[in-house]
């Protein structure tokens, strides 16, 4: 399951973390959130999300055509995250998820 749009529906900075708080409480490790939201550009949101749930539960998304993929990509690449976290978010998590789906069919 993927929770769409990290930080979606926010009224203020701390509201954007509501999804992350719920995701952190889930016992299923097969729940993820994607980065496709305008809120991803809020200072520290991506980094705080990685601290709370780990980079293994975040997948890259663009929300195209509403947002330019370059801006979403830039936010992850230029984020204050280690290379391993960036790689997981940008492609490793999706590769793992798609592999699992292929095996189930």
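Read-outs throughout are calculated quantities, based only on the coordinates presented, and are distinct from any laboratory measurement. These numbers come from a predicted model, not from an experiment.
Okay, helix-only estimate at 222 nm for the chain: each DSSP H run of n ≥ 4 adds -39500 (n - 2.57), divide by all residues, round to 500 deg cm²/dmol; what do you get?
Estimated from H runs of four or more residues: -11500 deg cm²/dmol.
Between the Cα long axis of helix 93-104 and the first principal axis of the chain there is an angle of about 30°, rounded to the nearest 10. The spacing between the stretch 41-105 and the stretch 16-38, judged by their C-alpha centroids, is 12 Å. Relative contact order, whole percent, for the chain stands at 24, derived from Cα pairs under 8 Å and 6 or more residues apart.
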